[in-house]
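Report on the structure given below.
The values are calculated or read from the model by the stated rules, or taken from the named source; none is laboratory data. Given the structure is predicted, the values throughout are model-derived calculations rather than measurements. Please note: Cβ atoms are built from the backbone with ideal geometry, for glycine as well, and neighbour counts cover all protein chains shown.
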Amino acid sequence: MGLPIYQIFIDKKEYEVLKSDIWSDNFVRAQMLLKGKKIPIRIRYRGGHTREYPKKSYEIRTPNRTYHFNAEYDDPSMIRNALSFRFFHSIHVPSPDTRHCVLYINHKNAGVYLQIEGVKTPFFRRRGIPVQSIIYAVNDNADFTDKGQSKKTYFSGYRLIKGKKADRIKLSRFIHNIHVYEGEPLQRYLERHLDIDNFLRWLSGAVLTGNYDGFSQNYTLYEHRTRKVYQMLPWDYEGTWGRNCYGKLVDSNLVKIHGHNKLTEKLLSFRDYRQHYKGLLSHFLDTVFTVQHQLPIVYKMYKNIADDVYKDPHQKWSQTIFDGEPDTIRRYIENRRRDIADQLRKLDG
């Protein structure tokens, strides 16, 4: 039957403006065919180093919602983001919905894309989560380190998507204070300002899927409006399940059980939180992070996109590598389970 098709139409002059500066975040005007009707949209390139690739990723805004069309150019399976977000959903961490599709621009096949739900106010509204602020971790300064002795601000590495200046100050104060308080005062402070269970579930997801970049960037931090605590959700999980963000095979034990940012370090210094974390990881090893649970999902995704991937004019990887990716993911899960089980035995708590 094939993947759903999205048709984008960009006027020649607008397209020239778009292509003239791949690093620009400015939108140009275009149209998208939806349900047989052309609707006005705005489109721009998105991503970091991926903007230099022949297959670009796009952000598209309609009058009602935001679409992210990810090229998944470095992922030979083209399913790692989708698989990761589905995994986070299974461990009760809010995560973007995804669907694979084929994108056409001015009647030309641009290839297979992953449409990813934008993490903005409508994302939380659809899930019944009242939010005070939404903050993206956009670079590797978002690692909760003490910026007091550097020229960087405590908000360095973050971008405020929803909220006011007071919300920037509030997060900066939170990061500052986790380095001021110690012992029991720190534990009380963390419990007042952070959803501990959500954070440890997010940490479990990042550790199990092996997202090396997921601790200092590639996450969204948001403040729950009524509970007044920070919560986390994942973003950009292409470099997971045995490959890094450039598609290179990596050791299954690249990411240690503690992760690597200062907030995880502070949190896991407390025995109560280590016990909670150990319980979560053990439960996930027994239930969702198994070959038996994940491989049917992997094969369903793979079979769903295979025919269109073979016809993708910008596919970076050979068909042989693409066809071998389910087995690559299977080996990663087997090896990662052993890594985590071994580290759990050594984790004090």
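Values computed for the structure shown
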{"quantity": "The one condition in (1) touching a helix residue (DSSP H, G or I) at 6+ places or on another chain (Cβ under 6 Å); (2) part of a helix (DSSP H, G or I); (3) among the hydrophobic types (A, V, I, L, M, F, W, C) that residue 22 fails to fulfil", "calculated": "(2)"}
{"quantity": "Where residue 54 falls short, out of the listed (1) touching a residue at least 40 places away in the same chain (Cβ under 8 Å); (2) in contact with a strand residue (DSSP E or B) (Cβ under 9 Å, 6 or more places away or on another chain); (3) under 16 Å from residue 110 (Cβ atoms); (4) not β-branched (Val, Ile, Thr)", "calculated": "(2)"}
{"quantity": "Odd one out for residue 336, checked against (1) modelled with pLDDT of 95 or more; (2) part of a helix (DSSP H, G or I); (3) more than 21 Å from the chain's Cα centre (by Cα); (4) among the charged types (D, E, K, R)", "calculated": "(3)"}
{"quantity": "Subset of the stretch 294-310 that is over 21 Å from the mean Cα position of the chain (by Cα), surrounded by 13 or more Cβ atoms within 10 Å (Cβ to Cβ) and not small (Gly, Ala, Ser) - its residue that is farthest from residue 330 (Cα to Cα)", "calculated": "308"}
{"quantity": "Breaking point among (1) in contact (Cβ under 8 Å) with a residue 12 or more places away in the chain; (2) not in a loop (DSSP other than H, G, I, E, B), for residue 239", "calculated": "(2)"}
{"quantity": "Residue list for the stretch 242-268, filter: in contact (Cβ under 8 Å) with a residue 60 or more places away in the chain, more than 30 Å from residue 327 (Cα to Cα) and in a loop (DSSP other than H, G, I, E, B)", "calculated": "261"}
{"quantity": "Residue within the stretch 90-105 that is farther than 16 Å from residue 236 by Cβ, free of Cβ contacts under 8 Å to residues at least 12 places away in the same chain, more than 15 Å from the chain's Cα centre (by Cα) and surrounded by fewer than 20 Cβ atoms within 10 Å (Cβ to Cβ) present", "calculated": "no"}
{"quantity": "Helices (runs of 4 or more DSSP H) enclosed by the stretch 96-215 - at least 1 residues per element that are out of contact with any strand residue (DSSP E or B) (no Cβ under 7 Å at 6 or more places or on another chain) and within 30 Å of residue 41 (Cα to Cα)", "calculated": "121-126, 165-177"}
{"quantity": "Members of the stretch 279-303 that are of a type in the set (Val, Ile, Thr) and part of a helix (DSSP H, G or I)", "calculated": "291, 297, 298"}
{"quantity": "The listed residue being modelled with pLDDT of 95 or more and either over 30 Å from residue 201 (Cα atoms) or small (Gly, Ala, Ser) (or both), out of 305, 321", "calculated": "321"}
{"quantity": "Conditions (1) closer than 21 Å to residue 271 by Cβ; (2) of a type in the set (A, V, I, L, M, F, W, C); (3) surrounded by fewer than 22 Cβ atoms within 10 Å (Cβ to Cβ); (4) in contact with a Lys or Arg (Cβ under 9 Å, 6 or more places away or on another chain): number failed by residue 196", "calculated": "(4)"}
{"quantity": "The stretch 330-344 residues that are touching a residue at least 12 places away in the same chain (Cβ under 8 Å) and of a type in the set (Phe, Trp, Tyr), paired with ones that are surrounded by fewer than 16 Cβ atoms within 10 Å (Cβ to Cβ) and in a helix (DSSP H, G or I) (beta carbon under 6 Å, 6 or more apart)", "calculated": "none"}
{"quantity": "Which numbered condition residue 83 fails, given (1) crowded, with 19+ Cβ neighbours inside 10 Å; (2) touching a strand residue (DSSP E or B) at 6+ places or on another chain (Cβ under 7 Å); (3) closer than 29 Å to residue 307 by Cα", "calculated": "(2)"}
{"quantity": "Qualifying residue in the stretch 12-19 (condition: more than 30 Å from residue 286 (Cα to Cα), of a type in the set (Asp, Glu), out of contact with any helix residue (DSSP H, G or I) (no Cβ under 9 Å at 6 or more places or on another chain) and at pLDDT 95 or above)", "calculated": "yes"}
{"quantity": "Unmet criterion (only one of (1) among the basic types (Lys, Arg); (2) modelled with pLDDT of 95 or more; (3) over 24 Å from the mean Cα position of the chain (by Cα); (4) within 25 Å of residue 183 (Cα to Cα)) for residue 266", "calculated": "(3)"}
{"quantity": "Subset of the stretch 138-156 [of a type in the set (A, V, I, L, M, F, W, C), within 22 Å of residue 180 (Cα to Cα) and in contact (Cβ under 8 Å) with a residue 24 or more places away in the chain]", "calculated": "142, 144"}
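Yes/no per residue for (1) polar (S, T, N, Q); (2) touching a residue at least 24 places away in the same chain (Cβ under 8 Å); (3) touching a Gly at 6+ places or on another chain (Cβ under 7 Å):
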position	(1), (2), (3)
297	no, yes, no
309	no, yes, no
320	yes, no, no
323	no, no, no
326	no, yes, no
